[in-house]
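Reading through the structure tokens given below for one structure.
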Amino acid sequence: MGREQDDMLRRGIGMTSQRTRERLIQRLYEEGISSARVLEVIRRTPRHLFVDEALAHRAYEDTALPIGNNQTISQPYMVARMSELLLEAGPLDKVLEIGTGSGYQTAVLSQLVERVFSVERIKVLQDRAKERLVELNLRNVVFRWGDGWEGWPALAPYNGIIVTAVATDVPQALLDQLAPGGRLVIPVGAGEVQQLMLIVREEQGFSRRVLGAVRFVPLLNGPLA
Ligand code: SAH
């Protein structure tokens, strides 16, 4: 791609025009995303920089897209919905994200909360995500290459935890790392049957809300070079 074309992409002209982006925001609103803050952050986050150039023209469709290594960038609606659920009870200071992937959800979150701690098991994806966030000057994120089933115990507790891959069960480590009042948003299930859940650490025990059927790639085991 030529320099000029590259500049145009970055400024969001052409296939990634402001109008295309506005259409996505309108659609998310119609699908029930009501947080003005979340919609505004999605409006200004250049999703086309989080996918391969060959897919950039589809970046503002409300759909998951491949990012290599058998993984996908999350669907904008899901990113919006999960962010909204995390923030529903008020502002959040420390948020742990499991499954950095392209870094798109990370970038959105980093503009909504004080600090993001993001764990990814695939090193190459993590490296690319890191570069993108630096490029966008989003500096309140730290990354860890590791196994999300274990969370990130050294920096716990967290006010919010978001998992962007589907777990067969809710990982015990993540429950343990939730601060009092902390919120965990996680898809749970196997194969085709997956439910988005919101789990809140109450004074005694946990409350659980099932929010409906979703479709995510699986939360796997162990880090991968
Ligand atoms: N929110 C990301 C979605 C990426 S898909 C985005 O918008 O781009 C889910 C990610 O979870 C993948 O990158 C996958 O490698 C990662 N993942 C799967 N199992 C994991 C585990 N046990 N620990 C950390 N990351 C994991």
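Listed values, structure above:
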quantity: Relative contact order of the chain, pairs being alpha-carbon contacts under 8 Å that are 6 or more residues apart, as %; calculated: 15
quantity: Burial order of peptide ranges 115-121, 52-58 (average beta-carbon count within 10 Å, highest first); calculated: 115-121, 52-58
quantity: Accessible surface of the chain, 1.4 Å probe, proportion on carbon and sulfur as whole %; calculated: 50
quantity: For peptides 154-166, 207-219, sequence by mean Cβ density within 10 Å, most packed first; calculated: 154-166, 207-219
quantity: Interatomic Cα distance distribution for the chain, bins of 10 angstrom, percent; calculated: 8, 35, 39, 15, 3, 0
quantity: The range 12-112: C-alpha pair distances exceeding 18 Å, %; calculated: 44
quantity: Dipole magnitude of the chain about its Cα centre (Cβ charges: Lys, Arg +1; Asp, Glu -1), debye to nearest 20; calculated: 380
quantity: Full-stretch length increase - E61, A190 - with 0.36 nm per residue and alpha-carbon distance subtracted; calculated: 43.8 nm
quantity: Selected from L109, L184, L125 as most flexible by GNM, with the chain as the system and alpha-carbon contacts under 10 Å; calculated: L125
quantity: Accessible area (Å², per residue) of the range 63-213, counting only protein heavy atoms and a probe of 1.4 Å; calculated: 41
quantity: Reference-scaled alpha-carbon Rg (2.2 N^0.38 Å with N residues) for the range 85-196; calculated: 1.00
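The values are calculated or read from the model by the stated rules, or taken from the named source; none is laboratory data. Everything numeric here is computed off the predicted structure, so don't read it as measured data. Virtual Cβ from ideal backbone geometry, glycine too; neighbours counted across all protein chains shown. Surface accessibility is based on the protein's heavy atoms, side chains included, excluding ligands, DNA and RNA. Shrake-Rupley method; radii C 1.70, N 1.55, O 1.52, S 1.80 Å.
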